[in-house]
Every structure is written in structure tokens, then in C-alpha cells.
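The values are calculated or read from the model by the stated rules, or taken from the named source; none is laboratory data. Because the structure is predicted, anything quoted here is derived from the model rather than measured. In this analysis, Cβ positions are derived from the backbone assuming ideal geometry, glycine residues included, and neighbour counts consider all displayed protein chains. Ligands, DNA and RNA are stripped out before the accessible areas are found, and what is left, the full protein with its side chains, is counted by its heavy atoms. Shrake-Rupley method; radii C 1.70, N 1.55, O 1.52, S 1.80 Å.
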Amino acid sequence: MLTRNENGGSGPALPARIKRYRFPEPVWVTRPTMPPLEKYQEHLRSIWETRWLTNNGRLHETFERRLGDYLGVEHVSLFCNGTIALVVALQALRIHEGEVITTPFTFPATAHVLYWNRIRPVFCDIDETTFNLDPARVERLITQDTKAILPVHVFGTPCDTEGLEAVARRHGLALIYDAAHAFGVRCRERAIVASGDLSVLSFHATKLFTSIEGGALVSHTAAQKERIDFLKNFGFADEETVIGPGINGKMNEFQAAFGLLQLDVIEGEIANRRRLTAVYRHELAGTPGIRLQEDLPDVEHNYAYLPVLVDPDAYGMTRDALYDALKSLNIFARKYFYPLCSQFPCYMSLPSADPKNLPVAERVTRRILCLPLYGTLEEEAVRTICAAVRELGAAR
Ligand SMILES: *Cc1c(COP(=O)(O)O)cnc(C)c1O
């Protein structure tokens, strides 16, 4: 009998019939899509020739334009990373006091950027199936101090953008999307990053689309983009004019070169992840206690992650025990996102962080596990991972 405690550690040693699924080399939860090295070397040569390393270089300008074309949005600003893009998004809309309603089920940066802007995060519970903010719950948390809503399209699944838009409009609130997971996602033929007042992408090495480190901020008007571009460059409007307290959020030419080349390989990467997701769904269908997300109607998904929910009673093992067992097979799944941001010491004393207010997020964070998914993962490896998951559950 393997442990049934939801927070329990590892169970007893694995039976031999499961050990045969052990991989000789580690299988990581993700691996970056690498563009052809020769093409990157060509860009390096041009950087050496021009000696233009950062500050709106040729590669930066080309990448920014081509990224906008790819995403189907007019105004996009490149950043050194997604976190600084989020900081600047709040500054661009002059949100630097009061409260912002956000999700606890996300990467720490979402909550931290509020703290860095002197804003009190207000954590709101999530939807059972999308794991995203629930507009009805958001509306109940609005107070005199609420300035904005900061939802996350977690795992690339689109938020209820219409519902959130309606709430924001009714109460005169700004709506900034953390779209770090949502590169290339389209909803009714429209880029999800076109939603809200602003949307922020991350191009970190662990993300679907990467520029090593990097990010982007999608805005709606030329004036908005101009303000954002000033703010990411210390507030400089020209050599002698500083329009406000900006920061250094610029993307350099080495990142831009990498990002530019990613645009050529991203379609293939998404297609491969879609194919592997189908294998996961087929192989794990009907496994008691294991639930996968399904495609939503009218959505072009990006298959950035492969999250599964582990119901410990039906599966016969906790998420933590499954995580440990997979690790012993050299399969490095990740507990995205555990713990909840609301459980970090810096936020846990906030009234909204009380677990009683966040029952769905609390349940999901204890059950969620992201399995390995990246374009060059072999289908056979996915079948082996799924066989291990099926048999570990059946081993009780
Ligand atoms: C990765 C991530 C970020 C931060 O992006 P960086 O580019 O690493 O700074 C922000 N929010 C979410 C949801 C993320 O997953």
C-alpha cells in the first residue's frame, strides 16, 4: 500500500515491474527549442561587425516587427524578461498603490510584481477546469481600493476574457494579462494577447517560445507603446528628456537574434507538442484518478504544458508520491504551481491568502503535476512515462 496522505512523501521502494520504466538519462519537464547554430552564428557575426550590442539595434527592431506580425498585433515592445515587462505594464497604466486582484495559482513573479509596485495583491479563487481566475469570484473581491485585475492564462489555457472584461468595465478597473504561457494561443481566430488593456509574454528558456531570457508587452495604441518604450529605457524620451521614473527593461541583440530564429521553428515546435499531447491523452485516458485538460472549443491551443490532476483516492497515490516515484525513474515532472503564491511567507498573512477563501486553488495545487513535454521528446518516451503512471496507480 502506497501512501494516501495528500501531502505525504514517497512510498515504499518500487516493484521490479515498474523499475523497468526507468530512463537511462534524465527526462526533464521541458527543453528549449534550439534554432540552427549556423544561423545564430551568422547573427553573431553581424553583431561583431556593427558592434551594436543593445539599445534598439537592428535585430531588436526586426524581431519586434516580425513578432507583432506573427502574433497578429500592431503594438508590441520587447523586454529583457517577462517580470520587468509586468512591472512596466503596471507603471504604464500608473497603477502603483491600492489593490490588484490576481490568482494564487501562478509563478511567483505574478504576485511579486505587485509587491514591487507597492500594490497589495488580493488573491482570488480559480475555476475548477481551466485553473484560471473566475470572473464572478473576482467581482466579489472588488473594493474601493481595487485598481486592476491581473489574470494569468495558466498553462496557456485562455481565461474567460469576456467575463473578466465585463467585470473590469463595470467597475472601471484596468485589466492586465500575464500571458507568459500563452504565446501563439488564439481564441476565435484572435490572438489571446490582444485581450485586456495590456498583455505580457515571457520568453524565458523554460517557456514554449524563448529568447534565452526575454519578454514582450502587447499594447493597443501607438501612444501606449511609446510610453512603454520610454519606461523600459530609464524614462528617456530623447537624450535630455526623462518623462518619468523608468527602469532598464531592454532586450539586447543576442536575445533578439535568438528570438528572431525561434519564429522560424515555433510552428514545428507547437505541432510536435500537439502530437505528443494527443499521445498522452490517448495513453492516460481512463486511468482512474488522473485527469488531463481537454481542448476548448474555438481555441487554438499552444500545448505549452502537460498538466495532470492526481486524485489521491481514485489513483491510489498522492501527487507528491507520484512525483517522487517518477523521479526515481529519471522522469522529472514538476509541481507547477505548488505552493500557491498565497502561501509564501511574504503574502500568507494577507486576508485574501486564507486557504478558506481559496478552496479550488488549494485542491488543485496539491494535485497538479506537469509531465515532460517538448518537441524533441520521443513518442516512445511518452508511452513509457504513461505506462509508468498507469502502473504506479494500479500498484496499490
Ligand atoms: C515565467 C513566468 C513569468 C516570468 O517571466 P520571466 O521572463 O522569467 O521573468 C511571469 N509569469 C508567469 C505566469 C510565468 O510563468
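A Cβ-based charge dipole, computed about the Cα centre of region 37-261 with Lys and Arg at +1 and Asp and Glu at -1, lands at about 60 debye.
Taking the C-alpha atoms only, the angle from helix 319-328 to the longest principal axis of the chain is near 80 degrees. Could you check how much of the accessible area of region 284-396 is carbon and sulfur, as a whole percent, using a 1.4 Å probe? Taking all protein chains in place, region 284-396 shows 51 percent carbon and sulfur surface. For ARG363 and ALA136, the difference between the fully extended length at 0.36 nm per residue and the C-alpha to C-alpha distance is 79.8 nm. Taking all protein chains into account, the per residue accessible area for region 342-385 stands at 44 Å² (1.4 Å probe). Provide the FRET efficiency to the nearest 0.05 for the ARG51-THR376 pair, computing r from the beta carbons and using R0 = 35 Å. Computed FRET efficiency for ARG51 and THR376 comes out at 0.50. Could you work out how far the C-alpha centroid of region 240-274 sits from that of region 172-206, in angstrom? Centre-to-centre distance over Cα atoms comes out at 15 Å.
Within the listed set ILE119, ILE331, ILE247, the Gaussian network model of the chain (springs between alpha-carbon atoms below 10 Å) gives the highest mean-square fluctuation for ILE247. Springs join every pair of Cα atoms under 10 Å in this Gaussian network model of the chain, and among THR365, THR384, THR30 the largest mean-square fluctuation is at THR384. Here the convex hull built on the C-alpha positions of region 1-152 has a volume of 232 cubic angstrom per residue. The angle separating the long axis of helix 82-92 from the principal Cα axis of greatest extent in the chain is about 50 degrees.
Relative to the longest principal Cα axis of the chain, at what angle does helix 58-71 sit, 0 to 90 degrees, rounded to 10? The angle comes out at about 60 degrees.
Taking amide H as placed 1.01 Å from N in the peptide plane, the amide H of THR146 sits under 5 Å from that of GLU99, each at least 5 places away or on another chain. If R0 is taken as 56 Å, the Cβ-Cβ distance between ILE243 and ALA314 corresponds to a FRET efficiency of 0.45. Counting only protein heavy atoms and a 1.4 Å probe, region 37-261 has 43 square angstrom of accessible area per residue.
Work out the FRET efficiency for THR129 and LEU350 from their Cβ-Cβ distance, taking R0 = 30 Å, and round it to the nearest 0.05. FRET efficiency, THR129 to LEU350: 0.70. When the chain is treated as a Gaussian network with alpha carbon springs shorter than 10 Å, the biggest mean-square fluctuation among GLY289, GLY156, GLY375 belongs to GLY289. Each other residue within a Cβ distance under 13 Å of GLY215 adds +1 if Lys or Arg and -1 if Asp or Glu, for a net charge of 0.
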